[in-house]
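Here the structure is laid out as structure tokens; the discussion comes afterwards.
The values are calculated or read from the model by the stated rules, or taken from the named source; none is laboratory data. Predicted model only: the values in this text are computed from it and were never measured. Here the Cβ is made from the backbone with ideal geometry for all residues, glycine too, and neighbour counts use every protein chain on show. SASA here: full protein model, heavy atoms, side chains in, ligands and nucleic acids out. Shrake-Rupley method; radii C 1.70, N 1.55, O 1.52, S 1.80 Å.
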Amino acid sequence: MKVTTKKAGFAGLAMFGAAALLAGCASAPDDSGDSTEAAVDFLPCMVSDAGGFDDKSFNQLGFEGITKAADELGVEAKTVESKDETEYAPNLTSLVDQGCDLIVTVGFALSAATVESALANPDVEYVIIDDAADNDFDGTVDSENIKPILFDTAQAAFLAGYAAADFTTTGVVGTFGGMNFPTVSIFMDGYKQGVDYYVAEKGKDVKVVGWDGTDGSFTGGFEANDQARQTAQALIDQNVDVLLPVGGPIYQSAAAAIGESGREIALIGVDADVYETDPSVAELLLTSIRKGIDVGTYEAVLAAGNGEFDPTPFIGTLENEGVGLAPFHDFESKISDTLPDELDALKASIISGDVVVNSYLAE
């Protein structure tokens, strides 16, 4: 277990759609200092999953969000990195014992531990990223003091699939994930739907390998290791020239496999704009499927610090800008001239409901 207490120091965060996110949450405190004084005893805390806060992905974005909120509130955030799943419950217990007022847990892997902790500590407020906190599957959050922050990434992944289908020259695009959990497969599902939509609209022969709509290629974890590299290699061997890895740092293993292949294969990032968070793979990135994790976390922590915690679940969509597609960056000169306008029109059609993207969060 690694514990750090850090006052905010991140500037220039990618605050896309901040005003649209988490309706009803508090705005930033003004320069008078009144809000800061009111929140001086507020202690926001965070527990990572096994990926750690330097995963260039959703743990890092969550960390940036809580750190920015703590800075505006004039408090310090306490953050704890988990080495593996055996540390989730003990880390939560430790933070409760240290007097945390709000605990943010990062990732669906912490769902059971979060619910257990929240039920045992009803006076503590919880935010969970990427999970509905509905472990009994009755359609409601399992504890009234938990706010789920979720993202219908299938919508943005649909756009990425459409772009991949337009870009491919081999006619084969691929995807693989860490584990077959809904928050992973939702990317793969949207991606495949986007490819299939492109095929139906354009008549181009493109197939998806690595996901059939129910099952596919998974590494069994969320580490950048040889298993992840081999999984990527198996798809590369099927002649893919666009590859979507879903599962934190496993994209690094995919990048290594691409490098070893000697072929021109484009990578699609997830969660953050990976072009910005990890320049080491920037030249490979066609685009990234983004979640507003940093913004959602920031808004939820800021609201709680101002005494306005709202447990109502938030679901990020294209409409509220909670999800989106990153720029094409170095690939702007390589994509077709018509693709940007087609994606804009497709985004509008998804928002209007004229194009339906299926996912477990769609309803």
**Request:** Among the helices (runs of 4 or more DSSP H) lying completely within the stretch 13-106, list those that include at least 1 residues that are modelled with pLDDT of 85 or more and under 13 Å from GLY305 (Cβ atoms).
**Result:** 58-73
**Message:** Return the residues of the stretch 313-332 that are open to solvent by less than 40 Å² (accessible area, probe 1.4 Å) and in contact with a Gly (Cβ under 9 Å, 6 or more places away or on another chain); say none if nothing qualifies.
**Reply:** PHE314, GLY316, LEU318, ASN320, GLY322, VAL323, GLY324, ALA326
**Complete:** Filtering the stretch 211-231 down to residues that are surrounded by fewer than 18 Cβ atoms within 10 Å (Cβ to Cβ), more than 19 Å from the chain's Cα centre (by Cα) and either of a type in the set (Gly, Ala, Ser) or at positive phi (or both) yields GLY213
**Residues satisfying the stated conditions in the stretch 327-351, i.e. among the acidic types (Asp, Glu) and touching a helix residue (DSSP H, G or I) at 6+ places or on another chain (Cβ under 8 Å)** = ASP330, GLU342
**Message:** Exactly one of these conditions fails for GLY324: (1) in contact with a strand residue (DSSP E or B) (Cβ under 7 Å, 6 or more places away or on another chain); (2) within 16 Å of VAL242 (Cα to Cα); (3) of a type outside the set (A, V, I, L, M). Give me its number.
**Reply:** (2)
**Item:** Of residues in the stretch 352-363 being assigned to a loop (DSSP other than H, G, I, E, B) and either hydroxyl-bearing (Ser, Thr, Tyr) or touching a helix residue (DSSP H, G or I) at 6+ places or on another chain (Cβ under 6 Å) (or both), the one modelled with the lowest pLDDT
**Value:** TYR360
**Request:** Could you list all residues from the stretch 119-132 that are modelled with pLDDT of 95 or more and assigned to a loop (DSSP other than H, G, I, E, B)?
**Result:** ASN121, PRO122, ASP123, VAL124
**Only listed residue being surrounded by 24 or more Cβ atoms within 10 Å (Cβ to Cβ), under 22 Å from THR153 (Cβ atoms), at pLDDT 95 or above and in contact with a Lys or Arg (Cβ under 7 Å, 6 or more places away or on another chain), chosen from VAL246, VAL208** = VAL208
**Request:** Tally the residues that are more than 20 Å from GLY324 (Cα to Cα), open to solvent by 10 Å² or more (accessible area, probe 1.4 Å) and touching a helix residue (DSSP H, G or I) at 6+ places or on another chain (Cβ under 8 Å), restricting the search to the stretch 154-181.
**Result:** 1
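Let's see how each residue does on (1) open to solvent by 20 Å² or more (accessible area, probe 1.4 Å); (2) over 23 Å from VAL195 (Cα atoms); (3) assigned to a helix (DSSP H, G or I); (4) at pLDDT below 95:
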| site | (1), (2), (3), (4) |
| --- | --- |
| GLU264 | yes, no, no, no |
| SER288 | no, no, no, no |
| GLU308 | yes, yes, no, no |
| PRO311 | yes, yes, no, no |
| LYS334 | yes, no, no, no |
| GLU342 | yes, no, yes, no |
**Item:** So VAL184, is it farther than 28 Å from SER111 by Cα, touching a strand residue (DSSP E or B) at 6+ places or on another chain (Cβ under 6 Å) and surrounded by 18 or more Cβ atoms within 10 Å (Cβ to Cβ)
**Value:** no
**Message:** If a residue must be charged (D, E, K, R) and free of Cβ contacts under 8 Å to residues at least 60 places away in the same chain, how many such residues does the stretch 69-102 contain?
**Reply:** 3
**Asked** Condition test on ILE149, is it part of a strand (DSSP E or B) and without any contact (Cβ under 8 Å) to a residue 40 or more places away in the chain?
**Response** no
**Fill in**
Sole miss for ASP294 among (1) at pLDDT 95 or above; (2) in a helix (DSSP H, G or I) is condition (1)
**Fill in**
Scanning the stretch 109-136 residue by residue, those in contact with a Pro (Cβ under 9 Å, 6 or more places away or on another chain), within 18 Å of PHE309 (Cβ to Cβ) and open to solvent by less than 20 Å² (accessible area, probe 1.4 Å) turn out to be TYR126, VAL127, ILE128, ILE129, ALA133
**Prompt:** Which is out of contact with any Ser or Thr (no Cβ under 6 Å at 6 or more places or on another chain), assigned to a helix (DSSP H, G or I) and farther than 16 Å from ASP55 by Cβ, of LYS204, LYS192?
**Reply:** LYS192
**Message:** Against the definition (under 16 Å from the mean Cα position of the chain (by Cα) and either hydroxyl-bearing (Ser, Thr, Tyr) or buried (at least 21 other Cβ atoms within 10 Å of the Cβ) (or both)), how does VAL106 come out, yes or no?
**Reply:** yes
**Asked** Any residue in the stretch 77-88 that is touching a Leu at 6+ places or on another chain (Cβ under 8 Å), open to solvent by 10 Å² or more (accessible area, probe 1.4 Å) and aromatic (Phe, Trp, Tyr)?
**Response** yes
